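Each remark here refers to the structure printed beneath this line.
The values are calculated or read from the model by the stated rules, or taken from the named source; none is laboratory data. Please read these numbers as outputs of a predicted model, since none were measured by experiment. Here the Cβ positions follow ideal geometry from the backbone for every residue, glycine too, while neighbour counts run over all protein chains shown. All accessible areas refer to the heavy atoms of the entire protein, side chains included, with ligands and DNA or RNA removed. Shrake-Rupley method; radii C 1.70, N 1.55, O 1.52, S 1.80 Å.
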Amino acid sequence: MKELHSQMNRKTYYISMLTIIALMLSGLVLSTTELNGVTVGYVVHCLCITVLTVCLLLYPKVETFPFRLSIILMGFAYFYTLSFLYPQSWTTYILICLLPALAILFYDLKLFYLSLILNGILILITFGYNLLYNQENEYAYIHTDVVGNFINIMGSQVILFLIFHLTFSRMRKQELYFEQLQQSERLKMIAHLTAAVAHEIRNPVTVVRGFLQLYREDASFEQPVRNKFALMIDELNTVEQVTSQFLTLAKPNRELRPEKVDVKEVLEGVTGLLSSYAMLSNKHMEVQVEEDCIILINTIEFKQLLINLIKNALEASDAGTTVQVTTKREKQWVEMRITDQGSGMTEEEVKSLGTPFYSLKTNGTGLGLMICYNIVEKYEGTIEYHSAKGQGTSVTIRFLAKTD
């Protein structure tokens, strides 16, 4: 319930919770007329209200799974206590049927399934108790039609499951749409920024680099000074590379047309190109490619995609390890998987991949991987990262296979 961080929503939350607390207290006051003195059940009723009140009021400040679970369990304890203390109030069973719906408020899938299973078990126990041990027939509304009541109660759980499942799916789709919208806005921002400054940066950089190259070849300078010129030229080359990536994002080449590409042929060329780069850092590549893997894509962009992803895998790998590149045909898809044995990433880091200016490299900009995402999206493919800390990373790219 991240919406509680909004001041208006938090105010609405507190008003709603105070109303619920007032209703629970009014029920406690009315119950004194039905119970003969202070009984154990009355004390349990008071404790449930007290603990539940504290949990509800503190929740906006402690939004954690254990705290949400505590609220759900206290809700179960409260309503099941009412059903045993006041058997003549048949409406309590309606509230018991709706208990798993509390998890919907927290937008928590695991909590909902846990609530649904727990409620089903408790309903079975309650029904069994009422049928086998309740000889005074205090639950007359259940005994009148045991089978019908049981079917209706279990049916209500099925309906809650369908409501939650459909609602959760729709909310996930909305989250995905919102993330895509944010990504689109970032791309627009970069495009505007690039159009304004990219050429203005490249022109002076080109002039400065030219003079530095002349000074580096000038014998009148001592070798240590000329080495510093070479270092400055390398840094200017980095600036040039970043600027080129900006231009690629802002003004993609519309002349690049898709064509039939043999994945095996292109992949062998790319891995051959990067093999020397891998050997320099004592790393290895293992390539397995099936035949008949043909896709419709521009060859230049496809090579750019593979080079970026394989180079990232090599840079993330430890010395002496192997980067595995496999390609196979999966029904109508051609699937390429690049797996490294590096340090891996957390779930939050994986979610941030493809975001401009987000990179786990010391001198990275995040633009290279962003270009990869754009290429995959352009040709209606998919790209998925799977990683865990200490277990390496695997990236899977899929494109529709070209059959004719």
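Quick notes on this structure:
- Those residues of region 312-351 which are small (G, A, S), open to solvent by 40 Å² or more (accessible area, probe 1.4 Å) and either touching a Pro at 6+ places or on another chain (Cβ under 7 Å) or not in a helix (DSSP H, G or I) (or both), in sequence order: A319, G320, S343
- Filter result for Q135 (at pLDDT below 80, exposed (fewer than 13 other Cβ atoms within 10 Å of the Cβ) and not in a helix (DSSP H, G or I)): yes
- Against the numbered list (1) surrounded by 15 or more Cβ atoms within 10 Å (Cβ to Cβ); (2) closer than 20 Å to C372 by Cβ; (3) at pLDDT 80 or above, F229 comes up short only at (2).
- Cβ-Cβ under 8 Å pairs, at least 6 apart or on other chains, region 381-404 side within 14 Å of V261 (Cβ to Cβ) and open to solvent by 40 Å² or more (accessible area, probe 1.4 Å), far side assigned to a strand (DSSP E or B) and charged (D, E, K, R): K402/K260
- Test: residue in region 193-208 that is modelled with pLDDT of 80 or more, in contact with a helix residue (DSSP H, G or I) (Cβ under 8 Å, 6 or more places away or on another chain) and part of a helix (DSSP H, G or I): yes
- Qualifying residue in region 21-36 (condition: among the β-branched types (V, I, T), in a helix (DSSP H, G or I) and crowded, with 18+ Cβ neighbours inside 10 Å): no
- Close contacts from region 344-359, counting a first residue that is closer than 17 Å to M189 by Cα and a second that is modelled with pLDDT under 80 and among the hydroxyl-bearing types (S, T, Y), with Cβ to Cβ under 7 Å and a gap of 6+ residues or different chains, come to F357/T365; Y358/S352.
- Residues (within 18 Å of Q391 (Cβ to Cβ) and hydroxyl-bearing (S, T, Y)) located in region 319-352: T321, T322, T326, T339, S343, T346
- Residue count for region 90-128, restricted to those that are farther than 23 Å from N9 by Cβ and in a loop (DSSP other than H, G, I, E, B): 1
- Residue within region 71-86 that is open to solvent by 60 Å² or more (accessible area, probe 1.4 Å) and either modelled with pLDDT of 85 or more or over 30 Å from Y129 (Cα atoms) (or both) present: yes
- Taking the listed residues T64, T50, the one that is at pLDDT 85 or above, open to solvent by 40 Å² or more (accessible area, probe 1.4 Å) and at negative phi is T50, with no other qualifying.
- Matching residues, region 279-297, being without any contact (Cβ under 8 Å) to a residue 60 or more places away in the chain, within 20 Å of K328 (Cα to Cα) and open to solvent by less than 80 Å² (accessible area, probe 1.4 Å): M285, E286, V287, V289
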